[in-house]
Amino acid sequence: MNQTTEQLLSHYSVRAFLDKPLSKDQIRLLVESAQAASTSNFVQAYSIIGVSDPKIRKELAGIAGGMSYVEKTGQFFVFVADLNRNKEIAESKNENPASLETTEKMLVAIIDAALAAQNMAVAAESMGLGICYIGGIRNDIKRVSELLKIPEHAIPLFGITIGYPEQNSAPKPRMPYQLVYHENEYQTKETALYEAYDEIISDYYTNRTGGARNETWTEQIALGMKKPTRLDIKAFIEAQKLGLK
């Protein structure tokens, strides 16, 4: 194991930051690290919006569920699947952007953005900073787009809050390797593997919360599947003219 893999395996989400902004040099390095990620056919179909305005941060924090660490942090970044740039380029070259509204192009943009974001996360932790992904901005994706003035053919996917940690923690136990890895074909996993992992997670929650929480992982997943959420997103994506074909 080397320093990089040790860093990856020690990752945990930080939810309390010092009220200390990142420097312009730090922000640039983080963005350039994100840009170094792999990208499908060199399309680079994403944009990154840094949010430093306290008013906008406060509203985004509320949309995300009252997350104070969206407001009090070094910098808040929003990753956008962005095909608007591609449309503008095609039109400037007098080309018809016929593929723009296909589901495949939307997937390319989403995957590009996710790869870039994880590069940024790894870079941040290598710099001694903490990170937390914020999917809660999709609680009101239309309002987020209005706040950030996101055009058609682009959608905000998630945020990342990055700053100086006010807390130290430890990684949450991930599923065992055997549950995730499949050799050559998809394989149904043994119930015993899930049961063993359930015990690990129940113990983790019990110890972390002093007994206030002790559910298993499979209970958590099953409950999460009961109620559909964010049902406005499909209509919003269609309104943004993405993934229609």
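The values are calculated or read from the model by the stated rules, or taken from the named source; none is laboratory data. In this text the structure is predicted, and so the values were computed from the model without any measurement. Virtual Cβ from ideal backbone geometry, glycine too; neighbours counted across all protein chains shown.
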Inset, instruction - Only helices (runs of 4 or more DSSP H) wholly contained in the range 1-107 count here; list those with 3 or more residues that are of a type in the set (S, T, N, Q) and farther than 22 Å from Gln167 by Cβ. - result: 3-9, 84-92
Inset, instruction - Examine the range 24-40 for a residue that is at positive phi and either touching a residue at least 40 places away in the same chain (Cβ under 8 Å) or among the aromatic types (Phe, Trp, Tyr) (or both), and state whether such a residue exists. - result: no
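One line per residue, one yes/no per condition, for (1) of a type outside the set (A, V, I, L, M, F, W, C); (2) modelled with pLDDT of 95 or more; (3) outside any helix (DSSP H, G or I):
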{"site": "Val122", "(1), (2), (3)": "no, yes, no"}
{"site": "Glu125", "(1), (2), (3)": "yes, yes, no"}
{"site": "Tyr133", "(1), (2), (3)": "yes, yes, yes"}
{"site": "Asp140", "(1), (2), (3)": "yes, yes, no"}
{"site": "Gly159", "(1), (2), (3)": "yes, yes, yes"}
{"site": "Ile162", "(1), (2), (3)": "no, yes, yes"}
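Which members of the range 83-107 meet the condition of being among the basic types (Lys, Arg) and either within 26 Å of Lys234 (Cα to Cα) or surrounded by 13 or more Cβ atoms within 10 Å (Cβ to Cβ) (or both)?
Arg85, Lys87, Lys105
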Inset, instruction - Consider Glu152 carefully, then state whether it is assigned by TED's automatic domain parsing to the domain that holds Ile27, more than 22 Å from Gln35 (Cα to Cα) and in contact (Cβ under 8 Å) with a residue 12 or more places away in the chain. - result: yes
Inset, instruction - Test Leu147 against the criterion of being assigned by TED's automatic domain parsing to the domain that holds Ala114, outside any strand (DSSP E or B) and not acidic (Asp, Glu), and give yes or no. - result: yes
Legend entry - Residues satisfying the stated conditions in the range 133-191, i.e. farther than 26 Å from Leu231 by Cβ and among the aromatic types (Phe, Trp, Tyr): Tyr164, Tyr177, Tyr181, Tyr186
Inset, instruction - Could you tell me whether the range 193-202 includes any residue that is in a loop (DSSP other than H, G, I, E, B), more than 22 Å from the chain's Cα centre (by Cα), surrounded by 10 or more Cβ atoms within 10 Å (Cβ to Cβ) and hydrophobic (A, V, I, L, M, F, W, C)? - result: no
